[in-house]
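> Here it is: the structure, laid out below.
The values are calculated or read from the model by the stated rules, or taken from the named source; none is laboratory data. Owing to the predicted nature of the structure, the values given are computational and were not obtained by experimental measurement. Glycine also receives a Cβ, built like all others from the backbone with ideal geometry; neighbour counts cover every protein chain displayed.
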Amino acid sequence: MSDDIHFYEPRAGHGLPHNPFNAIVAPRPIGWISSADEHGTLNLAPYSFFNAFNYTPPIVGFASVGYKDSVANIERTGEFGWNLATRPLAEQMNASCEAVDPDVDEFALANLTPTPSRVIGAPRVAEAQVSFECRLSQLIRLTGADGTETETWLVLGEVVGVHIARHLLVDGVYDTAAAAPILRGGGPADYFEITAEALFKMHRPNQER
């Protein structure tokens, strides 16, 4: 194999100062997940393994490394919110990831406002320009190729309600860059912001223009 290529088998270690996996599969949308337990105790936490997985019905999901409060709440109540993390809210999003006891309200910790959802019991972040209301569709403990269970849980939820700040709808079309969403990069502290300057257009073959 060429010396110009660094190859490694993950089970044997990467041999680099920092694991490159997260930096390669990046930048990634942030799963800023709001939930509540059956007693109404609120939880808000960001997850860097998050994405959309289906169009109709719309399904989003996040993976939690460890069975954390968000997963426990969602398993018990069957509901969660997703809130768009943007550049103006970056520091507050980061504050909400602090490891605290289950009875600590991360909304208060990050100086954010919980606001009621329309069709689910879990709150959303009032300051977020976009939020999804979700109902749990699947909760899956991930396994390796050999069937060994990992300590990671994949939470999938159907989006049953969508909140969008009206100024982000330009002639009825959602303006991604106008919201200034942030995404998780690699390394211990890397993030990216989407801006209008980063936009380019490319139509699919045979797609109507």
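> I'd like to check something: does segment 105-112 contain any residue that is touching a Leu at 6+ places or on another chain (Cβ under 6 Å) and modelled with pLDDT of 95 or more?
yes
> Here's something else I'd like to know. Let me confirm something: among LEU16, LEU42, which residue is out of contact with any Lys or Arg (no Cβ under 6 Å at 6 or more places or on another chain) and under 20 Å from GLY187 (Cβ atoms)?
LEU16
> Residue check: is ALA110 within 16 Å of the chain's Cα centre (by Cα) and either closer than 25 Å to THR195 by Cβ or of a type in the set (Phe, Trp, Tyr) (or both)?
no
> Out of (1) at pLDDT 95 or above; (2) closer than 30 Å to PRO17 by Cα; (3) surrounded by 13 or more Cβ atoms within 10 Å (Cβ to Cβ); (4) not aromatic (Phe, Trp, Tyr), the odd one out for GLY186 is which?
(1)
> It is to be established whether one or more residues within segment 3-13 are aromatic (Phe, Trp, Tyr), modelled with pLDDT under 95 and surrounded by 11 or more Cβ atoms within 10 Å (Cβ to Cβ).
no
> State the number of residues belonging to segment 97-114 that are touching a Pro at 6+ places or on another chain (Cβ under 6 Å) and closer than 20 Å to ALA179 by Cβ. Don't jump to the end; show me each part of the working.
Within segment 97-114, the subset touching a Pro at 6+ places or on another chain (Cβ under 6 Å) is 97, 107, 114.
Within this subset, residues satisfying the condition of being closer than 20 Å to ALA179 by Cβ are none.
So the count comes out to 0.
> Of everything in segment 63-78 that's of a type outside the set (S, T, N, Q) and touching a Ser or Thr at 6+ places or on another chain (Cβ under 8 Å), which residue is surrounded by the most Cβ atoms within 10 Å (Cβ to Cβ)? Can you show your working first?
Initial filter on segment 63-78 (of a type outside the set (S, T, N, Q)): 63, 65-69, 71-72, 74-76, 78.
Filter once more, keeping what is touching a Ser or Thr at 6+ places or on another chain (Cβ under 8 Å): 63, 65-66, 69, 71, 74.
Numbers: ALA63: 19, VAL65: 13, GLY66: 9, ASP69: 23, VAL71: 24, ILE74: 26.
Going through the qualifying residues, I end up with ILE74.
> I need a count of the residues in segment 14-57 that are in contact (Cβ under 8 Å) with a residue 60 or more places away in the chain, over 15 Å from the mean Cα position of the chain (by Cα) and surrounded by 13 or more Cβ atoms within 10 Å (Cβ to Cβ).
6
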